[in-house]
Amino acid sequence: MKNKLLTLAVATATAVAAPAAFADTLDDVIERGYVQCGVTLGVPGFSMPDENNNWSGLEVDYCRALAAAIFDDPDAVRYTGLTSQARFESLGNGNVDVLSRTTTWTMTRDTDLGLTFVGTMFYDGQGFLVKAADGISSALELSGAAVCIEAGTTTELNAADYFAANGMDLSNAVIFVTRDEVTQAYLDGRCDVYTTDASAIAAERTQFPDPSAHVILPEIISKEPLGPVVRSGDTRWFNITRWTYFALLNAEELGVTQANVDEMLGSDNPEIKRLLGVEGDFGSPIGLSADWAYRIIKHIGNYGEAYDRHVGPNTPLGIPRGINALWSQGGIQYAPPIR
């Protein structure tokens, strides 16, 4: 019993002490000269490399915003494409400084893994994609269908809950390790249905040979608050990552854009003055310059600009703002004030 207690004590001490090893992430980032950012392996609109390995997307813009705040250089980022299975281990081991890839905020992930969610960059929900030729109009018609699912995701759990709650048969589900495998299996006809976050379905469909041959069903079966994640135990780094996200939202609410940010330096609005570092110093407490938010907006724009640029109605994804609109415009995106 004594040995067991000793082992437990050591294990507990190790678990508690682990975050301290990364307690100076900002110092490490500055010394290295760039932010190491974990992203999805290639989802249009969210994180996608081109033929020259230049990345773009909503997730990527968040990484670029961090680099702008710290270095005044949005290109001071290196990207690591991570699978669903590898993402948390990679972050926990310090291989990346922040996980920006589409990751659902859940209680277990927020409390059991030594990780902390920064905020919700994109409110999403799980949907279903089927072939138009099959004539399916509702997810309630999918009992017994072969459903393609990525392993180790909330997608797998949500599908099980939905089918069970509706007395439907999920015994023909086909589980794959990576999203690419899921997509290819669906296109090859190895399964009838592709289910994952609705935004990812919309993104994947744009890459199909004939997108119009595939239909997204109307049901959204879950809440999928997607947002950046950092290691627990480093308050300064957490504050930088969180307030980078909040700055993007506050800038949109205040009407500060990439095009007018220099003009807004002369604004009489106290909120804009604080946001842009003209009045007060809200950078020093988190290890940044007073104009950290100005840098973000100058290089990236505000949240609405990033959304419209990558996933909005005028992009191939064509996703309306919906609940991702600001709270003042019918959505639920909301940031605390800078004061």
Would you point out which residue out of Gly318, Gly266 is surrounded by fewer than 16 Cβ atoms within 10 Å (Cβ to Cβ) and modelled with pLDDT under 95? Gly318
Test: Val256 is assigned by TED's automatic domain parsing to the domain that holds Glu141, more than 16 Å from Glu150 (Cβ to Cβ) and outside any helix (DSSP H, G or I): no
State whether the residues of region 204-220 include one that is in the same structural domain as Val60 (by TED's automatic domain parsing) and crowded, with 22+ Cβ neighbours inside 10 Å. no
Filter region 128-149 down to residues that are farther than 20 Å from Glu204 by Cα and aliphatic (A, V, I, L, M) and give me whichever is surrounded by the fewest Cβ atoms within 10 Å (Cβ to Cβ). Leu140
Return only the number of the condition from (1) modelled with pLDDT of 95 or more; (2) aromatic (Phe, Trp, Tyr); (3) surrounded by fewer than 24 Cβ atoms within 10 Å (Cβ to Cβ) that Trp243 does not satisfy. (3)
Selection from region 285-325 of residues assigned to a loop (DSSP other than H, G, I, E, B), in contact with an Asp or Glu (Cβ under 8 Å, 6 or more places away or on another chain) and either in the same structural domain as Ile216 (by TED's automatic domain parsing) or under 30 Å from Asp210 (Cα atoms) (or both) yields Asn314, Thr315
Looking at region 170-180, is at least one residue among the aromatic types (Phe, Trp, Tyr) and either assigned by TED's automatic domain parsing to the domain that holds Gly81 or closer than 23 Å to Arg109 by Cβ (or both)? yes
The lone exception for Phe282 - which of (1) surrounded by fewer than 21 Cβ atoms within 10 Å (Cβ to Cβ); (2) outside any loop (DSSP other than H, G, I, E, B) it fails: (2)
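The values are calculated or read from the model by the stated rules, or taken from the named source; none is laboratory data. These numbers come from a predicted model, not from an experiment. Every residue, glycine as well, gets a Cβ built from its backbone with ideal geometry; the counts of neighbours run over all protein chains shown.
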